[in-house]
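Report on one structure; see the data block that follows.
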């Protein structure tokens, strides 16, 4: 029987994020307890001949779905109100983003592997909801993520540069 589909989706989305973080050369941290944030991506520096995760980082809430639409250059997604309200008013020492992993609806298309490659389908996007108005909806809040904000190693490097410089995401 195996894991329920919700846990499979969660594990695959985490694998995607871990792969991007590893390729970009950062440290992936996962929190034991879900209190609105799933984990953190930390900057790594060589110090005294060893490597350490240092102060700069990005906290993230990770979601996975196949029920998104694309409209006028944006992903349109209905985020749970609790998650939305957590992210718009995040007050941690590091900025927080939403990472949305979009996968095929057919579970057989989620992953393909061979001797030459491991392919996870489809892709993840990121967005900052910081400063948006509080939602008074009862269950979900519709958000829009620019299609250009693919969560990739190159994009993660740009995000970390902004964090290092104290710029808004």
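Before moving on, here are some points about what is shown:
- Segment residue 134-residue 158, length gained on full extension (0.36 nm per residue, minus Cα span): 5.9 nm
- Considering only the stretch 21-111, percent of DSSP beta bridges that pair antiparallel, nearest 5: 70 percent
- Across 88, 47, 145, mean-square fluctuation computed from a Gaussian network of the chain (C-alpha pairs under 10 Å connected) peaks at 47.
- Read-out semi-axes √(5λ) of the Cα gyration tensor in Å, derived from the coordinates shown; its label in (1) 29, 19, 15; (2) 23, 19, 17; (3) 25, 23, 15: (3)
- Length gained when the stretch residue 81-residue 108 is fully extended (0.36 nm per residue, less Cα-Cα span): 6.7 nm
- Gain in span if fully extended, residue 69 to residue 91, counting 0.36 nm per residue against the direct Cα distance: 4.9 nm
- The ranking of 111, 7, 156, 87 from fewest to most other beta carbons within 10 Å of each one's beta carbon is 7, 111, 156, 87.
- Max mean-square fluctuation residue, GNM over the chain, Cα-Cα springs under 10 Å, options 116, 61, 141: 116
- The stretch 1-24 and the stretch 29-95: distance between their alpha carbon centers, rounded to Å: 14 Å
- Burial order of peptide ranges 94-104, 27-37, 71-81 (average beta-carbon count within 10 Å, highest first): 94-104, 71-81, 27-37
- Percentage relative contact order, the stretch 1-43, counting C-alpha pairs under 8 Å, at least six apart: 26 percent
- Note on 42, 82: ascending count of other Cβ atoms within 10 Å places them as 82, 42, the fewest first.
Coordinate-derived values only; no laboratory data. Owing to the predicted nature of the structure, the values given are computational and were not obtained by experimental measurement. Counting neighbours? That spans all protein chains shown, and the Cβs are built from the backbone with ideal geometry, glycine included.
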